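K.L.:
One structure, as structure tokens, below. Some questions next.
The values are calculated or read from the model by the stated rules, or taken from the named source; none is laboratory data. Please read these numbers as outputs of a predicted model, since none were measured by experiment. As a convention, Cβ positions derive from the backbone with ideal geometry for all residues, glycine included, and neighbour counts pool all protein chains shown.
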Amino acid sequence: MMSLQTERRNDKEEFGEHILSKAIKAGRRTYFFDVRATRGNDYFLTITESRKVAQGDGGVSYDRHKIFLYKEDFVKFSEGLAEVVDFIRQNKPEFFEEESE
């Protein structure tokens, strides 16, 4: 089951001022959508996949992958994402059925 969390923040972080963060938990993965601002007050988006990985010694680590999406690519990216999600929705509608608790 996926859950949504929204958090508004204004602290400075490694990649620019952090404006908004949305975390989506999905099993062993968590997806983070972070809106950040440049010094010139342009917004950009970072998309991070964080996956919990079990270690051989019983410990846990996290494998992370990050994508940076800049303002000049917002329209093309969102159109492309919508197109492929619509394709999957049409061909595999069962993937979009809500999980019962």
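K.L.:
Scanning segment 21-49 for residues that are free of Cβ contacts under 8 Å to residues at least 24 places away in the same chain and under 13 Å from Tyr70 (Cβ atoms), which turns out farthest from the chain's Cα centre (by Cα)?
P.N.:
Gly40
K.L.:
Within segment 48-73, count every residue that is in contact with a His (Cβ under 9 Å, 6 or more places away or on another chain) and among the β-branched types (Val, Ile, Thr).
P.N.:
Count: 1.
K.L.:
So, in segment 48-101, of the ones that are assigned to a strand (DSSP E or B) and in contact with an Asp or Glu (Cβ under 6 Å, 6 or more places away or on another chain), which residue ends up farthest from Arg28 (Cα to Cα)?
P.N.:
His65
K.L.:
Taking segment 61-101 only, how many residues are over 29 Å from Ile19 (Cβ atoms) and surrounded by 10 or more Cβ atoms within 10 Å (Cβ to Cβ)?
P.N.:
Of the residues in that region, 3 qualify.
K.L.:
With respect to Glu7, is the statement that it is surrounded by 13 or more Cβ atoms within 10 Å (Cβ to Cβ), modelled with pLDDT under 90 and farther than 17 Å from Ile67 by Cβ true?
P.N.:
Taking the combined requirement at face value, the residue does not satisfy it.
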